[in-house]
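All remarks here apply to the structure that follows.
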Amino acid sequence: MGNEQLDRLRRTPAYPFIEAAHYLNMPPSTLRSWCIGQDYKVNGETRRFQPLIELDGTRGEGLSFLNLVEAHVLAAIRRTHQIPLPKVREAIEFMREKMKTTRPLLELSFQTDGVSLFVQELHALVNVTRQGQVEMKEMLLAHLRRIERDRAGLPIRLFPFTRPGTQERETPVQIDPTIAFGRPSLRGRAVPTAVLADRFKAGEPMKELAKDFDVGVDVIEDAIRCELDRAA
């Protein structure tokens, strides 16, 4: 696949809000507010919160793969200290100016010097404690390590967290826009997690599925988590 075709694929809307929110383990309403903004009232006056993520398509089309990666990074910030969204947006605008890019959360440089600058700017905006800065930086780096990049530093694969409340380093699940129409699949394989979930719901034991694909039962369990209700 050529670079131009791959770039177009990464920017093509492919994930409805409900589906993307499930993969990212977050409420769909929160994801929508990040991507299309939200109205809110102050003393009876309606105001508009502008979006944090600029969609590659229309709001009706949902998120592109690159939008999904941006939301994945933003989730780390919100899950650590629930920083007010307007302040997060201010920090992103600061990074855009500092890094001379419209999409700083996607840049490889954000993973190095960019994270420290971003956390420092949030500290200046909301006075995050020193311990809070450390926790936020660690959370951001944990999420950034889940992004695989090409030689140019652009995201090509995302490894979502499959166990809520944990920061596991390895995951057997990948989201690759060139595999299974961008749906989650087994890492290193072209087996969609939806296929495994369907077989499991049809009554096939996890041990049999693990044997069929020559992986551990824990791998099958994590793959199925991507499709079934996380709480269940």
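Extending 7 Å from Cα along the Cβ direction at Ala152 and again at Glu138 yields two label points whose distance is 3.6 nm.
Distance between the C-alpha centres of the range 71-145 and the range 38-70: 18 Å, rounded to the whole angstrom.
Across the range 159-232, C-alpha contacts under 8 Å between residues 6 or more apart give a mean separation that, scaled by the residue count, equals a relative contact order of 28 percent. Here the spin labels are modelled as points 7 Å beyond Cα on the Cα-Cβ line, and at Glu208 and Gln82 they lie 4.6 nm apart. Placing R0 at 35 angstrom, the Cβ-Cβ distance between His123 and Thr58 gives a FRET efficiency of 0.45 after rounding to 0.05. In terms of distances greater than 24 angstrom between alpha carbons, the cross-link table entries Lys100/Lys137; Lys41/Lys100; Lys41/Lys87 yield Lys41/Lys100.
Can you pull the one-decimal nm distance between simple spin-label points at Leu228 and Arg48, each 7 Å off the Cα toward Cβ? About 4.4 nm, to one decimal. The length gained on full extension between Leu6 and Asp198, counted as 0.36 nm times the residue separation minus their Cα-Cα distance, comes to 66.2 nm. Straight Cα distances below 16 angstrom link Lys207 to the aspartates and glutamates Asp198, Asp218, Glu221, Asp222, with same-chain residues fewer than 8 positions distant left out.
Read-outs: derived from the displayed coordinates by stated rules, not from any lab. Keep in mind the model is a prediction, meaning the values are calculated, not measured. Cβ sites come from the backbone with ideal geometry, for glycine too, and all protein chains shown count toward neighbours.
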